[in-house]
Structure formats: C-alpha cells, structure tokens
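The structure under discussion appears below in the form of structure tokens.
The values are calculated or read from the model by the stated rules, or taken from the named source; none is laboratory data. If you're wondering where the values come from, they're calculated on a predicted model, not measured in any experiment. Cβ placement follows ideal geometry from the backbone for every residue including glycine, while neighbour counts extend to all protein chains displayed. When the accessible area is computed, the model is the full protein with side chains, heavy atoms only, and any ligands, DNA or RNA have been set aside. Shrake-Rupley method; radii C 1.70, N 1.55, O 1.52, S 1.80 Å.
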Amino acid sequence: MKYTLLVSLLFFTFATQAQNKGPLENIVVTSQKGKTQVSAGENGELQVNVSPKDVRKYKAAGWVHYSDFGAEGDGKTDDINAIAATHAFANLHGLLVKADDGDTYYIGGKERTAIIQTDTDFGKAAFIIDDTEVQNRNASVFTISSGLQSFKLEKITSLKRNQEKIDATLPGPCLVTVTNSNVKHYIRFGLNQNNGSAQTDIFIVDKNGNVDKNAPIIWDFDQITQITALPIDEKPLKITGGRFTTIANKAESKYNYYSRNIAIKRSNVLVEGLEHRIMGEGDHGAPYGGFIYIGDCAYVTVKNTILTGHKTYSTIGAAGKPVSMGTYDLSASRSLNVSFVNCTQTNDINDSKYWGILGSNFCKNMLYDHCTLSRFDAHQGVANATIRNSTLGHMGINAIGSGMLLVENSTIRGRSIVNLRSDYGSTWQGELVIRNCVFVPADGKPITASLVSGSYSGQHDFGYTCYMPEKITIENLRIDDSGHPENYQGPAIFTNFNPEMTDNTYQEKFPYVKTKEVILRNVTTASGEAVRLSDNPFMFREVKVSTGQ
C-alpha cells in the first residue's frame, strides 16, 4: 500500500509541474511518518508531507480542511501555503475541500496559486486578499483548472464561417481555439487605440468533429497559425460560499492589470454563493482584470453571487491623452456558454465613480438573468448575448459582435438601451430584440435619449466590415423620459452615428452596413413625445420603420 501511494505521489508531482507555469506554483506531496507538515523550499517549491495514517483518515472522510494542513485562520497569519497544499492533496485523491466556518484566512502578496480541481466549499469563512505588496500581480490566488490537456490539430489548415464539421476525430467533446496571426481584427480606434488582435475563434465540437450549431464558427480562416483542442470536463465542479475581501493595491495608475483573483480555466463549473468586497481604494491605483475571471472554457455559471465595482482611475492612453481605465470584478475571455444568474453588487449601480463591473472578449452565448449590475460589456466581440429579468446601471449594455442580442424583461438605466462600442466599429452582424423593458435614460438625468447608440465615421479600418443590426425589434417598451431637457423632441431610435454624413457628398472609405428594418410595437414615453428616427435622418433614410402588429 505504501508503494502504491508513493507511485501516485510521484505522478502527481509530475502532473503538477507540467500544468503550472512558474516554479513558485510547484507543489511536491510526499508521505512520511509523523504529522502533516507544509514548508517552502529555497526555490519557492512547496513541500507537503502527509503521514500514511492521515492519508487514510482524509480519504475515509472524503474531504480535507485548510486547518488539516496548518492554516491558522486568524486573519493575520499568511495562510496561502496551507491553502495551496490542501488543494494539492485534495486534487491527488479526489477529495472535497472545506474551509473552516468562522475562520478568516489572510492571503498576503506572496506568489503562490492554489490549484482547484475538486469541489470546494468556502462556506462561511472569510478570505482577506492583501494587494498592497504583491510579488507578481499576474498570479491568480486560485485557479480552477482541468486535469485534461490540450493538443494541436495538425491537419486543419483553413475554416469557413458557419462550417458544420471539422476534419478531426477526438476523444470526446472538445473546445477548439483557432488563430491566424497574419490577420488582425478589432483594430481599436480612439484614446486606447491599438494595432488589433490576431483573428480568433473558439467553438465546441463533438468526438466526430461536428460543430455545435449554438456557437458556430464566425470567421473565414484562409490560413491558420495555431489550432488546439481542449477536452471538456464532463463532471461538474462546484465552488460554493466564501466571503472575500480585497485590500486594493496602491500602485501607480497605469495599465498594469492585477489578476489576484479566482481564475476559472476549466469547463463545466458552477460558482455559487460567493461574496467579494473591496476596501482601501485611495486616490490612485492600478486596474483589476476581474476577481472572477473566466477564460478558455465552456459551460460556466456564476450564481447567487455578490460582487463589487472598482473605483475608476485615469491614466494617459495610447493616443497620449487622459483616459479612464477599465477595471473589472467580472471578466471573461475566449469562453462559451457563460451565465451570470442572480448576481448583484455592493455599490450603487448608478454611481459613476465605479467602473462597469463586467468586461469580455471573444465569447459566445453570454447570459445575464435576474442580475442587478452596473454594466454588460463585450469588447472584442460576443456571438449571441441575452440580458433578461435584470437591471443595468449607469454603463448599461455595451456590445459589438454577431448573432442575436436579446434584451427582455429588464430595466436599463444607461444613456441608451444598447451602445454599440465605437472603438470597435459599432458593429453587430445580426439581430437586436428589445422586449418587455423599461428604459430610464441616464438614470433620469436630463438628456436627449436614444435607444441605440454608437459612432462610425467610415474612415478607420477595424479589420472587418462593420454592420448595424440588420433587423431591430422593439416591443412593449416603456421609456421613462420624464426628466428630459428643454426643447426635447422625443427619444430617437438611433443616435447621430456620424454628424458629418448629412448628404451624398460624404464618402466612407469603409462603408457601414446600415439597419434594414426597425419594428416598433407598443412603445410609450413618459414625456408623451413620439419616438423618432434620429438627429441624422439622412444617414438612416433607407431604414424601414414599421409600427403595430
């Protein structure tokens, strides 16, 4: 029995070192007589010594506590080594991890990531994450990871938009990520201008290579520089409870994002009942990339969770001018089927001192359901997004992308119902449906409201053709524009996307594909003013607007 245990421990050491990038994340578990001990070597490697007696005890119970591996839980002693060691042992033996209810775990700035691969119950325990002195701002505190390994798909050299099958035989359902570094998309315009990102797509295929039709391939790839497949974990992983408090960093206000977070990099994960608060924000600080970060995975749900918006700081942007820095408590990148259900935030969703709570890139099928949050946002594209039964605050709904953008049974308190991000071309290649909603423009401040906002000059190459939603359906909408300014002429369907385009003499180098049809059914205003087309009727002169059934 002892021989078998040592073999499994040797395998675990190899697997751990293979999946963790930095030496400070390496953990070696060994067996020896005596009691369980956790210590760090000179190179930062964590040594976990567990007696055979304790191994048998923990396996018989089916779980381990942080206190079993030396966590003090007194709110003062840095417990990250004990926490990481607990998870390392639990991963090896497939055991549940439980925090000790009532304990407060202090986590200092040491570079150490706890790898979670088994169900974890943070319970009613508190966690203090102190970011005032951090060794590596890019190191997550927890990473929820898969034991499965990605692999390259060597045979596939090109892909077509909406292609239904790829030439591959796989071990099971896989998440496929493809890039072409020779093509640039999302060439950003404005104060945060950049040279774009490599053409990227992510989709799910079954073992025979059939592409999930609910998350189709959205780009033509004439060439592929990298394509990988990551098997999808079939067994759900649950992370429950936990009261987390971040003591905010005091770093210079530059784009040096902090990732001191819970990073989800495994498919089929539920996070439920977690709370995150922030303290110690001063007059400056570096931005955060999301306390809950979801990346390169699918089927992730964050439920019954309380979050906190971060204070907004400014810096000098890429254009050499002051710019407010995006800073997030929620973030998603290259992920599919991501749901936020019954999530709220501790600070006022309409307080502009705090940045919008979510940022996302390269995602598909994102959902807000029964959420009260300051913002929904898709930077570098989302394919299909739904906001329902929710209330959105001062930063509202910001999106570019494709497919169906559905907003229903919700209250929107931003400056428009949907803002098509101008820095990425105000593009939505698909359909927009707004149904059974209430719109309170700018939370009741005196502005001239528009339902769909954005900006497009036609002079900048974003790396793709830019579209407005081909069809917009708005039904059962109540617009509370009672706080309107003087000389108010009523809400516009479209804001003035291009004030210079007032006649046929204006030429777009990169033509904008305009909306073809807008359907209005039962749209009412508190002001009594009728909904009109736009302050720029020329630009939208070919849009067909119909009312009634």
Next item on the list: Return the sequence-ordered ³J(HN,Hα) values of the stretch 165-172 in whole Hz as given by the Karplus equation 6.51 cos²θ - 1.76 cosθ + 1.60 applied to θ = phi - 60°, using x for Gly and Pro.
Entry: 8, 10, 7, 7, 10, 10, x, x
Item checked: Filter on Lys110/Lys311; Lys364/Lys471; Lys303/Lys471; Lys76/Lys311; Lys124/Lys364; Lys184/Lys514 - keep pairs with C-alpha separation over 29 Å -> Lys303/Lys471; Lys124/Lys364
Next item on the list: Return one whole number: the accessible area per residue of the chain in Å², for a 1.4 Å probe.
Entry: 42 Å²
Checklist line | 20 Å reach of a label modelled at Ser150, 7 Å along Cα-to-Cβ, counting backbone N of the stretch 358-386 | finding: 360-366, 379-383
Check: At what distance in nm do the modelled label points of Asn192 and Lys321 sit from each other, each positioned 7 Å from its Cα along Cα→Cβ?
Finding: 1.6 nm
Notebook entry, point to check: Measuring from centroid to centroid over Cα atoms, what is the spacing of the stretch 375-394 and the stretch 416-444 in Å?
Noted result: 9 Å
Checklist line | Using alpha-carbon coordinates, inclination of helix 80-93 to the longest axis of the chain, degrees | finding: 80 degrees
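State the extension gain, in nm to one decimal, for the chain segment bounded by Phe510 and Tyr255, taking 0.36 nm per residue of separation less the distance between their alpha-carbons.
Separation in residues times 0.36 nm, less the Cα-Cα distance, equals 88.7 nm.
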Next item on the list: Please get the size of the charge dipole for the chain, origin at its Cα centre, with Cβ charges of +1 on Lys and Arg and -1 on Asp and Glu, quoted in debye to the nearest 20.
Entry: 900 debye
Check: Spin-label point model (7 Å from Cα, Cβ direction): what's the Lys471 to Glu529 distance in nm?
Finding: 3.1 nm
Note to self: Give the separation of the Cα centroids, the stretch 189-208 to the stretch 485-533, in Å.
What the structure shows: 30 Å
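Kindly state, to the nearest 0.05, the FRET efficiency for Ser314 paired with Gln47, given R0 = 56 Å and r defined as their beta-carbon distance. If you can, show how the numbers build up before the last one.
Numbers: r = 45 Å, r/R0 = 0.80.
Taking R0 as 56 Å, the efficiency between Ser314 and Gln47 is 0.80.
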Check: What share of Cα pairs, in percent, lie more than 16 angstrom apart in the stretch 96-170?
Finding: 69 percent
Notebook entry, point to check: Using the Karplus equation 6.51 cos²θ - 1.76 cosθ + 1.60 (θ = phi - 60°), what ³J(HN,Hα) coupling, rounded to whole Hz, does each residue of the stretch 96-102 give in order, writing x for Gly and Pro?
Noted result: 5, 10, 10, 6, 8, 3, x
Checklist line | Per-residue [θ]222 nm for the chain (sum of -39500 (n - 2.57) over DSSP H runs n ≥ 4, rounded to 500) | finding: -2500 deg cm²/dmol
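What FRET efficiency, computed as 1/(1 + (r/R0)^6) with R0 = 30 Å and r the Cβ-Cβ distance, is obtained for Arg56 and Glu234, rounded to the nearest 0.05?
It comes out at approximately 0.55.
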Next item on the list: Go ahead and collect, in residue order, the members of the stretch 519-533 whose backbone nitrogen is under 16 Å from a label point 7 Å along the Cα-Cβ direction of Ser482.
Entry: 524-529
Note to self: Sorted from largest to smallest, which semi-axis lengths in Å does the alpha carbon gyration tensor of the chain give for its equivalent ellipsoid, taking the root of 5 times each eigenvalue?
What the structure shows: 46, 26, 20
Note to self: Quick one: 3J(HN,Hα) in Hz for the stretch 207-218, Karplus 6.51/-1.76/1.60 with θ = phi - 60°, rounded, Gly and Pro as x.
What the structure shows: 5, 9, x, 6, 7, 4, 5, 6, 9, x, 5, 10
Next item on the list: Determine, from the Cβ-Cβ distance of Arg435 and Thr372 and an R0 of 22 Å, the FRET efficiency 1/(1 + (r/R0)^6), rounded to the nearest 0.05.
Entry: 0.70
Note to self: What distance in nm lies between label points placed 7 Å from Cα along the C-beta direction at Ala40 and Lys160?
What the structure shows: 5.5 nm
Next item on the list: Just order 524-534, 399-409 by mean Cβ neighbour count inside 10 Å, highest at the front, would you?
Entry: 399-409, 524-534
Note to self: Counting only protein heavy atoms and a 1.4 Å probe, tell me what percentage of the stretch 160-285's accessible area is made up of carbon and sulfur.
What the structure shows: 46 percent
Notebook entry, point to check: Sequence-distant or interchain residues sharing an amide H contact under 5 Å with Gly401, placed H: which?
Noted result: Val382, Thr427, Trp428, Gln429
